[in-house]
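Asks: Below are the structure tokens for one structure; questions will follow.
What follows draws every value from the coordinates through simple rules; no lab data is involved. Bear in mind the structure is a predicted one, so any value in this text is a computation, not a measurement. Note: ideal-geometry Cβ built from the backbone for every residue, glycine included; neighbour counts use all protein chains shown.
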Amino acid sequence: MKMKELEEATGVNRETIRVFLREGLVPQPERSGRTVAEYGDQHVEAIRAVRRLQRENRLTLSQIKELVAGSGTSKRVDESAFDDLETLVAHSEASDQAPVPLDSLVKRYPKARQDAKTLSEIGIIEIIETDQGEALSLTSAELVSIWGDMRNAGFNDTLDYSPDILGFYIEASDFVGAWEAKTFLEHVEGRRDVEEAARLVEAALPLMLNFFGLMRRRAFFRHVDAIRHARETSDSRTLDHRAHREQ
């Protein structure tokens, strides 16, 4: 959409929108020429988020910038600000991270393109089309690289290991993430300001990831032992049954 359509969609005039752009609170538009700017849903979302923070939480643009940057502000804000700040942080991070060319991964992981396609088909990552070719977000590139390291460790086609077995993780990670988000908001929302809440999240996520990883490792080996024991018991019973029939 053009600037006029963006004004109509947000109810904000172009002069104010340009201020938001200069302050870095709204992502820069796509440009097909020196004077032709294209805006999308992400711009509408960001502008609406800024306006709500201004009106409902009485935040200045400087205070919003401080919160988005993670440097905090002395002003306490209502819990209603969380969603809008999350929107702005997401758009800020997306604009700060340039897409990773898929070709750059292929140099290190020969099957990166094939793996990226499979991971995209099952909904774990999204392949971005750019003027320079296919690319990935930083997180998606890291996921493809991790699978490449899995291949290098020996989990390859000879063992029938391929990324399509990872579909389970979509549901599992969504379940865990939903529970963690619900629990976090139940205990923190309304009790801590946004700055303190952001600090808690930053500290807790890597700790809980490690905690969950250790529990998974323990469960993995417990189930491996249980499966092997069940098979050995089954084989033993089969042999006993055969011996009994031969007598």
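Asks: For ASN13 paired with ARG218, estimate the spin-label separation in nm (one decimal), with each label point 7 Å from Cα along the Cα-to-Cβ line.
Replies: Those two pseudo-labels are separated by 6.3 nm.
Asks: What ranking, highest mean first, results for peptides 99-108, 220-229 when packing means the other Cβ atoms within 10 Å averaged over each residue? Walk me through the numbers on the way to the answer.
Replies: On the way: 99-108: 15.9, 220-229: 10.0.
Sorting 99-108, 220-229 by mean packing, highest first, produces 99-108, 220-229.
Asks: Between ASN156 and THR233, what is the label-to-label distance in nm when each label sits 7 Å out along the Cα-to-Cβ direction?
Replies: Here the modelled spin labels are 3.8 nm apart.
Asks: Let me ask something else about it. How do THR10, THR16 line up, fewest other C-beta atoms within 10 Å first?
Replies: Least to most surrounded, the residues fall as THR16, THR10.
Asks: Just order 183-192, 114-123, 144-153, 208-217 by mean Cβ neighbour count inside 10 Å, highest at the front, would you?
Replies: 114-123, 144-153, 183-192, 208-217
Asks: Sticking with this one: So which lysines pass the test for LYS182, namely a Cα distance under 30 Å, with those fewer than 8 places away in the same chain ruled out?
Replies: LYS65, LYS75
Asks: Could I ask something else about it? Sort ILE170, ILE17 so that the residue with the fewest other Cβ atoms within 10 Å of its own Cβ comes first and the one with the most comes last.
Replies: With the sparsest Cβ surroundings first, the list reads ILE170, ILE17.
Asks: Now for a different question. By how many nm would the segment from ILE122 to VAL188 grow when fully extended, if each residue of separation counts as 0.36 nm and the alpha-carbon distance is taken off?
Replies: Gain on stretching ILE122 to VAL188: 20.4 nm.
Asks: Once you have the Cα-Cα distance between GLN132 and LYS4, take 0.36 nm times their residue separation minus that, and quote the gain in nm to one decimal.
Replies: Working: separation 128, 0.36 × 128 = 46.08 nm, distance 3.01 nm.
Using 0.36 nm per residue and subtracting the Cα-Cα distance, I get 43.1 nm.
Asks: Give the calculated FRET efficiency between GLU56 and VAL106 to the nearest 0.05, with a Förster radius of 41 Å applied to their Cβ-Cβ distance. The partial results should precede the final answer.
Replies: Details: r = 48 Å, r/R0 = 1.16.
That gives a FRET efficiency of 0.30.
Asks: A further question on this structure: Considering only DSSP states other than H, G, I, E and B, which GluC sites (Glu not before Pro) in segment 1-45 qualify as loop sites with at most 15 other Cβ atoms within 10 Å?
Replies: GLU23
Asks: In which sequence would ASP193, ASP160, ASP131 go, from the one with the fewest C-beta neighbours within 10 Å to the one with the most?
Replies: So the ranking, lowest neighbour count to highest, is ASP131, ASP160, ASP193.
Asks: Another question, then. Stretch LEU205-GLU142 to full length: gain in nm at 0.36 nm per residue minus the Cα-Cα span?
Replies: Working: separation 63, 0.36 × 63 = 22.68 nm, distance 1.74 nm.
Here the segment from LEU205 to GLU142 would lengthen by 20.9 nm.
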